[in-house]
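Report on one structure; see the data block that follows.
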Amino acid sequence: MDAPPRSNGPPLSASLEREEPPSRGDPLAGLLEGPRARGAFMIRACFDPPWAVRVEDQAPLTVMLMVRGDAWVVPDAGERVRLRAGDLAIARGPDPYTCADDPGTAPQALILPGAECRYPDGTSLRGSMDLGVRTWGDRLDGSAVLLIGTYLWQGEISGRLLDALPPLLSLPTDVWRCPLTPLLMEEIVRDEPGQEVVLDRLLDLLVIAALRAWFSRPEAEAPAWYRALADPVVGRVLRLVQNDPAHPWTVASLAAKAGVSRAALARRFTDLVGEPPMSYLTGWRLALAADRLRDSDDTLEAIARQVGYGSAFALSNAFKRVYGVSPQEHRMREAQSVGVVGPQES
């Protein structure tokens, strides 16, 4: 098959290839480097009104691309979002939400963890809504068509990325048009060898492109550290820390690089980022360690050196204090998540 089309913006390939590190000085590249779908749940949903699906799958991230018609995404808490043809929404788990033709429509189906599908009373759908390969709903030419991609497991998405996102965001067509829609419509219904891998990579590309566009919007609810990058002092310190986490940074050395006193840096950094410099550094190092435990076979000693800890013992203690499990337990859990189960109705 032909390669996915490229946009006219900055290349996305660096975000999809593990061999290439994120660009130095580009924290957004580092943030978006994370998505790695592995057997993601992807489906084309076709409905006629009235329709509503309650989603309680606890998945870390779900993308909804409206191809035809319109729909509402209604979270249990927060503002609901209306989608029209071409619009895209991203829901960050594990909080539940409802997708429907109208906010008042009662759910007719329930999506549970592992992509298990049931009626609201708990009985199995038993394939009653299957319409073909990765196609589900009322009828193929339904008035509403959505493409849905779900990362089923926490380890597929960087914790740093999830922490940077609101529970529900949307990109209407007046601010971003998805260049991948025709390719996704074609590929999602194919049943060929290797198709799962093709769809995984297309989902990664869709998420990266959409989030890059979302982060560029002035009204985006970007994390405090991302907004602080615009500050001449704090932004410089953030880039130093993000580009070289292995360096033995201190408040004094960071302040010297930024050209301010230690007290001034500590006060300004805390005001803009929401935590002191060394607290942020610790969180950044441990988040990187968590990602590398998932994405590489490096030893704990090697990872410790890469993220600025003097020994595996020091990293293990800090990691368990923050994450509640040892690095080895974290790696084992992430490895077990590779065995993804597909959608089930029985």
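The values are calculated or read from the model by the stated rules, or taken from the named source; none is laboratory data. Values in this document were obtained by computation on a predicted structure and should not be read as measured data. Don't worry about glycine lacking a Cβ; one is built from the backbone with ideal geometry, like all the others, and counts go over all protein chains shown. These area figures cover heavy atoms from the full protein model, side chains too; ligands, DNA and RNA do not enter into them. Shrake-Rupley method; radii C 1.70, N 1.55, O 1.52, S 1.80 Å.
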Filtering the range 64-95 for residues that are within 16 Å of Ile148 (Cβ to Cβ), open to solvent by 40 Å² or more (accessible area, probe 1.4 Å) and part of a loop (DSSP other than H, G, I, E, B) leaves a count of 1
Checking Leu83, Leu110 in turn, the sole residue that is within 27 Å of the chain's Cα centre (by Cα) and under 21 Å from Leu184 (Cβ atoms) turns out to be Leu83
Those residues of the range 227-250 which are open to solvent by less than 70 Å² (accessible area, probe 1.4 Å) and outside any loop (DSSP other than H, G, I, E, B), in sequence order: Ala228, Val234, Gly235, Val237, Leu238, Leu240, Val241, Gln242, Asn243
So which of Ala246, Ala290 is in contact with a Gly (Cβ under 9 Å, 6 or more places away or on another chain), of a type outside the set (Ser, Thr, Tyr) and within 30 Å of Leu112 (Cβ to Cβ)? Ala290
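Test of understanding: among Thr282, Thr270, which residue is in a helix (DSSP H, G or I), closer than 14 Å to Val241 by Cβ and among the β-branched types (Val, Ile, Thr)?
Thr282
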Which condition from (1) within 26 Å of Arg305 (Cα to Cα); (2) open to solvent by 40 Å² or more (accessible area, probe 1.4 Å); (3) polar (S, T, N, Q) is the one that Ser253 breaks? (2)
Which pairs have Cβ atoms under 7 Å, sit 6 or more apart or on different chains, and link a residue in the range 48-69 that is under 20 Å from Leu125 (Cα atoms) to one that is open to solvent by 10 Å² or more (accessible area, probe 1.4 Å) and aromatic (Phe, Trp, Tyr)? Val55/Tyr97
Those residues of the range 134-182 which are β-branched (Val, Ile, Thr), farther than 17 Å from Pro96 by Cα and at pLDDT 90 or above amount to Thr135, Val145, Thr173, Thr181
Any residue that is within 30 Å of Asp291 (Cα to Cα) and touching a Leu at 6+ places or on another chain (Cβ under 9 Å) - is there at least one of those in the range 192-200? yes
Tally of residues being open to solvent by less than 40 Å² (accessible area, probe 1.4 Å) and of a type in the set (Asp, Glu) across the range 117-131: 0
Val197 vs. criteria under 16 Å from Phe41 (Cα atoms), among the β-branched types (Val, Ile, Thr) and assigned to a helix (DSSP H, G or I): yes
Subset of the range 170-194 [more than 20 Å from Phe41 (Cα to Cα) and either open to solvent by 90 Å² or more (accessible area, probe 1.4 Å) or part of a helix (DSSP H, G or I) (or both)]: Asp174, Arg177
